[in-house]
């Protein structure tokens with residue numbers, strides 16, 4: 001299990017030359033894991049092939065375009081629950097305390113609710129705790145999976161596999177309408193209510 005969740009963490013992280021060099025090993029881990037169902041295994045291997053098929057710069061640009069330009073695809077779990085409210089800060093403090101209680105301290109600048117960080121933590125926990133934590137955030141995982149499926153992104157395979165391991169049903173891709181216009185989707189992702197009402201509405 002340790003290697004599987006490290007593999008998932010790597011796949012959802014910003015692609016580097018070192019990560020791409022490890023893709024054959026990551027593929028072997030996915031093929032050999034009994035926690036990965038057949039359908040999810042096929043999708044994960046397709047994702048691994050895609051990440052490794054482009055040149056490095058193209059893979060990095062694709063990742064940034066996908067995950068760093070809209071809230072719907074944010075890999076920061078608590079952003080989906082709390083946005084930028086104080087509640088998110090409190091939740092992250094509790095998560096850091098969970099890591100500390102298990103003897104772990106973040107060694108990267110990433111926030112504790114960043115999904116690759118969470119998966120790195122789960123890679124050293126037992127299966128019961130792992131499934132419980134995945135079940136707790138299943139609704140968020142499902143939300144991200146749907147957003148990825150709507151964009152016809154192979155990255156959805158990781159979220160689908162996590163849902164299955166949590167004992168949840170994966171998202172039925174046939175029920176998710178594709179995003180036709182990426183720019184419109186980005187506008188919706190970043191939409192915020194205006195601070196002031198439009199004065200023309202009451203004139």
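The values are calculated or read from the model by the stated rules, or taken from the named source; none is laboratory data. From a predicted model like this one, the values you see are computed outputs, not experimental measurements. With ideal geometry, Cβ positions are generated from the backbone for all residues, glycine too; neighbour counts draw on all protein chains shown.
For the stretch 118-160, give me each residue that is more than 27 Å from residue 62 (Cβ to Cβ), part of a helix (DSSP H, G or I) and touching a residue at least 60 places away in the same chain (Cβ under 8 Å).
127, 130
Does the stretch 192-199 contain at least one residue that is part of a helix (DSSP H, G or I), out of contact with any strand residue (DSSP E or B) (no Cβ under 9 Å at 6 or more places or on another chain), at pLDDT below 95 and closer than 23 Å to residue 66 by Cα?
no
Given the structure, is residue 88 assigned to a helix (DSSP H, G or I), at pLDDT 95 or above and at negative phi?
When the stated conditions are applied, residue 88 does not pass them.
Select from the stretch 69-128 the residues that are out of contact with any helix residue (DSSP H, G or I) (no Cβ under 9 Å at 6 or more places or on another chain) and more than 18 Å from residue 14 (Cβ to Cβ) and list them in ascending order.
Residues satisfying the conditions are 84, 85, 86, 93, 94, 96, 97, 100, 101, 103, 126, 128.
Listed residues 76, 80; which is under 21 Å from residue 5 (Cβ atoms), in contact with a strand residue (DSSP E or B) (Cβ under 9 Å, 6 or more places away or on another chain) and modelled with pLDDT of 80 or more?
So the residue among 76, 80 that is under 21 Å from residue 5 (Cβ atoms), in contact with a strand residue (DSSP E or B) (Cβ under 9 Å, 6 or more places away or on another chain) and modelled with pLDDT of 80 or more is 76.
Okay, residues lined up against (1) buried (at least 17 other Cβ atoms within 10 Å of the Cβ); (2) at pLDDT 95 or above:
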position: 1; (1), (2): no, no
position: 4; (1), (2): yes, yes
position: 9; (1), (2): yes, yes
position: 19; (1), (2): yes, yes
position: 24; (1), (2): no, yes
position: 38; (1), (2): no, no
position: 47; (1), (2): yes, yes
position: 54; (1), (2): no, no
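Residue-wise test of (1) in a helix (DSSP H, G or I); (2) closer than 14 Å to residue 155 by Cβ; (3) touching a helix residue (DSSP H, G or I) at 6+ places or on another chain (Cβ under 8 Å).
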site	(1), (2), (3)
5	yes, no, yes
28	yes, no, no
59	yes, yes, yes
64	yes, yes, no
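Of everything in the stretch 91-117 that's outside any helix (DSSP H, G or I) and over 17 Å from the mean Cα position of the chain (by Cα), which residue is farthest from residue 35 (Cα to Cα)?
Of everything passing the filter in the stretch 91-117, 109 is farthest from residue 35 (Cα to Cα).
For the stretch 7-23, what are the residues that are more than 17 Å from the chain's Cα centre (by Cα) and part of a helix (DSSP H, G or I)?
17, 18, 20, 21, 23
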